[in-house]
Structures are given as C-alpha cells and as structure tokens.
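The values are calculated or read from the model by the stated rules, or taken from the named source; none is laboratory data. All values derive from a computational prediction rather than experimental measurement. Cβ coordinates were reconstructed from backbone atoms using ideal geometry, including for glycine residues, and neighbour counts include every protein chain displayed.
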Amino acid sequence: MDAYKTAIRNKVIELARKLKIDASDLKDDDVIPEMGYLDSASIIALILWYEEHFGFELDLGEITVDSFGTVNAMAAFAQSRLNAGQ
Amino acid sequence: MVSGVFTPRLNANEDALTLRRINVSIGQKVALGDLLCEVETTKSLVTVEADREGYVLALEAGLGATVGVGSVILWIGDSMDERVPVAPEAPAAAPKADMRQATLKAMALIREHDVDMDAIPFTGDRIGVADVQKYLESRPSPPTTSRPAATASLIAPSGVRARRSSLTPFQKTMVRNVSWQYREACATYVERVYNHLEWRKYADSFARQHRLMMDPMLALMSHALVRAAVEMPLVNATIDGDDLVTYETVNLGFTVEHENLLYLVVVRDADALDPLEFVRALNSLQMKAFKGTLRPEETVGGTIALTSLAKRGVSRHVPILPPGTAMIVSHAAPLPIRSMEPDFVPCFLGATYDHRLLHGSQAAQVLGRIASPPD
C-alpha cells in the first residue's frame, strides 16, 4: 500500500511540475482537485497513468472525489480492485 | 483499402468541372450510394455518389474549386488509419483545334475574375496563368473585388532550401476548416467581459455537489451555450446555397488539445442532456482524445462550438468557424488586472459568428446568456 501511495504522490508532483507548480508538500489526505496543483488535462493524464500503472480500466462513473480525490483514496481503490481481481 | 472518387466526364467538350457542393466531411462514414458531392459543368449539375462504403479520409478539392476530369475529388478507406496516396494527375485531354484550352490554374483565375476566355491572347497550345495575369494587368477597367484564390499567396519562395511533403489528414482538416470560413462564411467577431469569479464559484460548487474530479467550468459554460442555441435556433444553423439549414438537435463541438494536436470532439444531442449528463459526456470524449480512441463520428457533426485557450494563458482569441456552423465561442484566461469592483475578476468571452445568419446584437445576446452561470 505504501508503494502505491509513493507512486501516486510522485506522479501528482511530476504532473504539477510540468505546470510549473511545486506540489512537493502534497499530503496523502489532501483533496487533489481542491489543492490547485493540477488542471483538468493533468487530472486526465493522472487517471490514464493510473489505469496503465495498475493495469485496469475505469468507468467514468468511478472517477469521483471519493475514490480518487486523495492519494489515500487512489491507493485504497487500486488495492481493492487488484484484490478483487485475484 | 483506399480508393479515390474521380471527377466524371460529363460532356466531350469540358475537361474541368466546378465542385458546387460537398456533402461529406473528413472522418465521416459513408455507405454505398451516399451522396458525396455535386459537380457542375457549364450546362449541368451532377451528383457523385459513393461506389463503396468506408470513411472519408481526405478531400482533394475545396468548395468552388475547378477540378480536372479524371482527377481525384476525395479518398475513401476502410478505416481512418489508412494512408492517403498522392493524387494521380488527371489524364491529359487532347486539345481541339477549334477550341480554346486553358490550364486548370488559368481556368480558376479566369472564373475568379469573370474574364471572357476568348479575349485572352496566348502563345503555345493553351492559355496559362501568365497569359491570364498579363491580360488582367492590361485591362483598362479596375480588377474585381472578389476574394483572391486561397492558394495565390502560398507560393513557396524560390531559392530557399525546403522539403515538400503531403499534408497529414489533420492538417488537411485544418486547411479545409479555415478555407470554408474564408470562402463561404462571413466571419465576424464580438466579445464582452464577464466575471470569471462568478463562474468559478458556481463550477466549484457544482463539482463538490457531484463529487467530480475534473473541473466542470468549461463544460458548464458549453452547456449554457447549448441552452442559448435552443432558445435562439438561428445560432444553431447554417447557410447552404440559397437554403437556410436549421439543425434540429444541438451538437456541441469542443476543442481538446493533446500533444500539440487540436481535436474538435462533438457531444451529440447535447440539448437532451442535463448539466451533469453533459459534463460526463464531454469528460468521456476528453479522455478518449487523450487515449487516442476517439471514433470518427465523435469528431464530426458539430452544429455550434466552444474553444478555450485559457490553459495557454491567452487573454483573448478569435477562433475559426467550424464548417457548417454559425458560431464558435472563445473562452480565455482571466485578465491580469484588478477591477474597481470587489469580487470581479474580468475575463473576455468572444464569439466568431457567420454574419450571413446573425448580426452583432444576436451574437452579443448569446454571449450574454453564457456570461453568468445559471441561477
């Protein structure tokens, strides 16, 4: 789980850096869309990376703040999907 | 397999025809027998139909162009991934001793300036561009005020090292779109200032209410444009020859930029969607554009459009009208100035509109309906 969180956090920081924004102080329970680190295009890029990294596709209805809004939520969602697939 | 649709010979004396109407666009799926275009001789107007099913990959000629008999008008392929071949030259027609002949470019110039062909002196076996230009310069009357041909100023300078290659399908679409506005529509621009903060607060509240990950502001502004088009049908229309074509549904085109390519994704039947459904439909198309999985029909058929360069920090821009539309709204970044009014962050909202259909006051009314979020 910690590895998931690290990978997700690093990706958010990398995408923010492309927008010339320093997101290195991102906390795992910060609500990403409300922090102003990423614009819409970067959030799409984050979701596409997430699908590729964890190896499953998402329905648009699944992409909500509750399941993807924070590093913690994204990691937990990946964990549950991967467990369900095993 | 890619195959060309060729210009038919309609009578023995005419080696070139004029493309009077194009009924398809790049990316459109066609079936056997579908009407593709109409070509005209001096005596008749004839329709050209698809001789197979497939996707329109490229158009080799624009509306009003003079096309040689036997030359390719457009290409059809099994899928949008197929490569368009270089168009073969039209077979040369044997000149007739008692009939004046002109090259295709010369013919285009003759038609553009409405010149009597018989009055042009020429050397060689046919009238060339230089002959027409020389004749035009020697004419006592001033030249007509018709628009110059789109290609007239696009001659590459000689003596400059250059590489020549075919336009990609994306570039061809761009050329076609810009040319349509230049040749057909009477594009005019109007803009107004609105309060960015008001929309920002509304969109943030909407996102919180529906637990959205992606900022819905532009989608919600687009939905407001859809509602305006429902209330003002002339905004959701175009002119085709002598006909007014009023669309019965609103298909909202929205530009998505990814890897330096601009896609115009189209939310079909947008007038039947509530704001949340519309936001989700547009987000889905944006995701597909990023994944490269857009289907051809998801990028054509827009009847009105919205585009934004806010991400690029642009504070105002004048967009090009997509073919067959009467209006495209431009959104931009907030201005880096302070307003005298507290809580007012000024931002330009612009619209390019077809002045053949709408006047400035009507275009301004549409902007007025988008300038503030719904109550």
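Worth a mention:
- Applying a threshold of 7 Å to beta carbon distances and a minimum spacing of six or more residues, or different chains, the list of pairs starting in the range B:235-259 at a residue that is touching a residue at least 60 places away in the same chain (Cβ under 8 Å) and ending at one that is part of a loop (DSSP other than H, G, I, E, B) and β-branched (V, I, T) reads B:N236/B:V250; B:N236/B:T303; B:T238/B:T325.
- Within the span defined as the range B:327-337, one or more residues are buried (at least 18 other Cβ atoms within 10 Å of the Cβ), within 29 Å of B:A185 (Cβ to Cβ), touching a Lys or Arg at 6+ places or on another chain (Cβ under 6 Å) and more than 14 Å from chain A (Cβ to nearest Cβ).
- Note on the range B:286-308: among residues that are crowded, with 20+ Cβ neighbours inside 10 Å and closer than 21 Å to A:W49 by Cα, the one that is farthest from the other protein chains (Cβ to nearest Cβ) is B:L294.
- Among the residues of the range B:329-371, those that are over 29 Å from the mean Cα position of the chain (by Cα) and assigned to a loop (DSSP other than H, G, I, E, B) comprise B:L335, B:P336, B:I337, B:R338, B:S339, B:M340, B:E341, B:P342, B:D343, B:F344, B:V345.
- Screening the range B:37-76 for residues that are among the hydroxyl-bearing types (S, T, Y) and touching a residue at least 24 places away in the same chain (Cβ under 8 Å) and picking the one that is nearest to B:E184 (Cα to Cα) gives B:T66.
- Within the range B:196-211, residues that are touching a residue at least 12 places away in the same chain (Cβ under 8 Å) and surrounded by fewer than 16 Cβ atoms within 10 Å (Cβ to Cβ) sit with their Cβ atoms under 7 Å from residues that are assigned to a helix (DSSP H, G or I) and not hydroxyl-bearing (S, T, Y), at 6+ positions apart or across chains, in these pairs: B:H210/B:L276.
- Scanning the range B:238-247 for any residue that is modelled with pLDDT of 95 or more, over 29 Å from B:V39 (Cα atoms) and more than 14 Å from every other protein chain (Cβ to nearest Cβ) turns up nothing.
- Residue match in the range B:35-51 (condition: in a strand (DSSP E or B), more than 18 Å from B:F170 (Cβ to Cβ) and basic (K, R)): no
- Screening A:V71 with (1) under 21 Å from B:R208 (Cα atoms); (2) within 12 Å of the chain's Cα centre (by Cα); (3) within 11 Å of chain B (Cβ to nearest Cβ); (4) in contact (Cβ under 8 Å) with a residue 12 or more places away in the chain gives one miss only, at (3).
- Just one of the listed residues (B:L321, B:L282) is of a type in the set (A, V, I, L, M) and in a loop (DSSP other than H, G, I, E, B), namely B:L321.
- Among the residues making up the range B:248-270, those that are surrounded by fewer than 20 Cβ atoms within 10 Å (Cβ to Cβ) and over 17 Å from the mean Cα position of the chain (by Cα) are B:E248, B:T249, B:E257, B:H258, B:E259, B:N260, B:R268, B:D269.
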